[in-house]
Each structure stands twice: as C-alpha cells, then as structure tokens.
1. Say we look at the stretch 58-82 and pick out the residues that are assigned to a strand (DSSP E or B) and modelled with pLDDT of 85 or more; which of these is surrounded by the most Cβ atoms within 10 Å (Cβ to Cβ)?
2. Which members of the stretch 6-19 meet the condition of being part of a loop (DSSP other than H, G, I, E, B) and either within 23 Å of the chain's Cα centre (by Cα) or at pLDDT 80 or above (or both)?
3. Being surrounded by fewer than 21 Cβ atoms within 10 Å (Cβ to Cβ) and either in the same structural domain as residue 246 (by TED's automatic domain parsing) or in a strand (DSSP E or B) (or both) is the filter here, so list the residues in the stretch 110-125 that pass it.
4. Just the residues that are farther than 24 Å from residue 284 by Cα and at pLDDT 75 or above, please, taken from the stretch 20-57.
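The values are calculated or read from the model by the stated rules, or taken from the named source; none is laboratory data. The structure displayed is predicted, hence computed values, not measured ones. Positions of Cβ are backbone-derived with ideal geometry, glycine not excepted, and every protein chain shown enters the neighbour counts.
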C-alpha cells in the first residue's frame with residue numbers, strides 16, 4: 001500500500017460558480033494572498049466553468065491546503081479533491097500541454113509528440129514533466145529562456161539553480177554553452193530533468209540533487225540563472241553573484257510584484273548592472289551583468 005500511495009498525486013480543484021467574467025482571476029488572487037505559489041496554480045476548463053487546480057505529491061500538504069480553503073468559507077466555489085495515479089497525470093498533461101513558441105529561436109514540444117510534430121522555424125526543445133511547473137509556459141520560465149537566447153554566443157559556461165525540468169540548461173546547450181551545471185532540490189524533478197537532457201542530446205549538461213542554500217561557489221560561470229522565489233533569491237544573493245564571472249550575466253526570476261522594490265533595493269548593494277526588466281502576470285524577471293572587477 002505504501003508504494004502505491006507514493007505514486008499518487010492529489011489534485012485539489014476549485015470551480016468558481018456565479019463569479020461572472022474574471023472569476024478565476026479573483027480566486028487566484030485569493031489563493032496567492034493565502035501564500036499559495038502562483039506557479040503551482042493550473043487553469044483549465046470544466047465546462048461550462050473554468051477551474052483552478054493545485055497539485056500535491058504529498059497528501060498531507062493537500063489536506064492542509066483543503067483545510068485552509070474551507071476555513072475561508074468561499075461562496076459559490078465548488079471544491080473537489082482527486083487522487084491521480086502517475087499514468088492519469090501523464091494523460092492530463094497530454095491533453096493540456098501543447099507545442100508553443102518559447103523564444104525567438106526555440107519552441108517547446110511535449111516529449112510524447114517528439115516523433116510526430118515538427119516545429120516550423122524554431123529549434124525544438126523536447127520536455128516531459130511530472131509537475132505543474134517547468135514546461136516553459138509560466139512567464140517566469142519563458143522570460144528566463146528569452147534572456148538566455150538573447151545572450152547567445154556570449155557565454156560558454158552556465159549554471160541553473162533550481163532547474164526543474166531542465167529546460168533552461170537545454171536552451172543554454174543549444175545556444176552553444178560547453179560546460180553546464182544545474183542543481184535541483186527535488187530528486188524526482190532531477191530525474192525528469194536528466195531524461196529531458198538525454199532526449200535533447202545535451203551531454204554537456206550535468207544535473208545534481210542539492211539544496212541551493214548549500215551552494216559553495218568554487219567555480220564562476222558566464223551565465224547564472226535562478227528562477228526561484230524572492231525570499232530564496234535574497235538568501236542566495238551573495239552566492240549567486242560570486243558565481244558569475246566579471247562582465248558576465250545573472251538572470252533571476254520568480255520575483256512577485258509586491259516584493260519587487262524590496263528585491264531591487266537589496267540587490268543594489270552588489271556590483272551588478274541591470275540590463276533588462278520584464279514584468280508579466282504579477283511576476284518580474286531581471287537580467288543583470290556583473291561589473292568588471
């Protein structure tokens with residue numbers, strides 16, 4: 001029973017009814033104010049209504065989330081809790097996850113369409129995922145990929161902190177990087193990332209399971225990416241900046257709108273030149289260049 005339970009994923013569905021136009025956005029804002037990471041919220045259609053789903057690999061966390069939602073006593077919101085097997089989860093993603101343009105150069109193709117779908121005018125990046133985050137659809141990931149693409153030819157080494165599905169290291173490899181390291185705290189995510197790296201033919205990408213807080217910068221890189229929450233970006237600031245070669249690039253994302261000014265003020269103490277700021281859907285991504293020593 002324990003082994004089977006470990007293979008289950010909990011899906012908590014919230015279906016706003018009688019909210020009118022924009023009901024899903026209202027509900028999302030309520031959840032975010034309660035501390036739910038927006039990157040874990042998936043919107044879809046439950047005809048005739050739209051619905052929001054939040055996924056949990058840990059059933060205890062799902063129960064805590066349900067308890068919190070019920071305490072809010074939301075009116076006209078139908079709540080459903082489902083247990084999905086890994087196979088059912090894959091089927092859901094096949095229904096919801098379609099090919100899309102990631103940047104000027106790259107397009108993302110779901111792994112299960114690798115043999116049957118040809119991207120016109122784009123370099124294909126093949127992605128499989130067991131999670132709701134890391135496909136490249138979320139604006140935080142998409143803008144990071146665009147930063148990497150925009151610096152093509154200007155970096156040979158690359159570090160990704162919190163790699164998820166491995167999409168950013170794959171983009172970096174296809175941009176010509178020769179030495180690529182990536183760290184991921186979740187062993188399951190790292191396993192999926194390694195599969196994606198192999199499927200995309202990127203042997204120069206090395207992924208290891210580690211907590212970014214334990215990062216000990218011994219090597220400097222031409223390009224460092226960190227797509228993680230604001231608090232962790234602040235905690236890791238010293239290590240991230242020290243990991244960047246002078247004159248090279250640091251891209252950060254996952255900065256929420258209400259934390260943006262505090263984040264900028266904190267990072268102003270470092271020898272960084274801000275090259276670009278992109279705001280999208282309540283999130284901010286920033287491309288810095290480390291000043292020459």
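1. Step one: list which residues in the stretch 58-82 are assigned to a strand (DSSP E or B), which gives 77-82.
Those still in the list that are modelled with pLDDT of 85 or more too: 77-81.
Values: 77: 18, 78: 13, 79: 12, 80: 12, 81: 15.
In this case the residue turns out to be 77.
2. Going through the stretch 6-19, the residues part of a loop (DSSP other than H, G, I, E, B) turn out to be 7, 17-19.
Scanning the stretch 6-19 gives a single hit, 7.
3. Initial filter on the stretch 110-125 (surrounded by fewer than 21 Cβ atoms within 10 Å (Cβ to Cβ)): 110-124.
Listed by number, the residues that qualify are 110, 123, 124.
4. 51, 56
Residue-by-condition table, conditions (1) at pLDDT 95 or above; (2) assigned by TED's automatic domain parsing to the domain that holds residue 25; (3) within 30 Å of residue 33 (Cα to Cα); (4) surrounded by 20 or more Cβ atoms within 10 Å (Cβ to Cβ):
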| site | (1), (2), (3), (4) |
| --- | --- |
| 205 | yes, no, no, yes |
| 216 | no, no, no, no |
| 225 | yes, no, yes, yes |
| 254 | no, no, yes, yes |
| 259 | no, no, yes, no |
| 282 | no, no, yes, no |
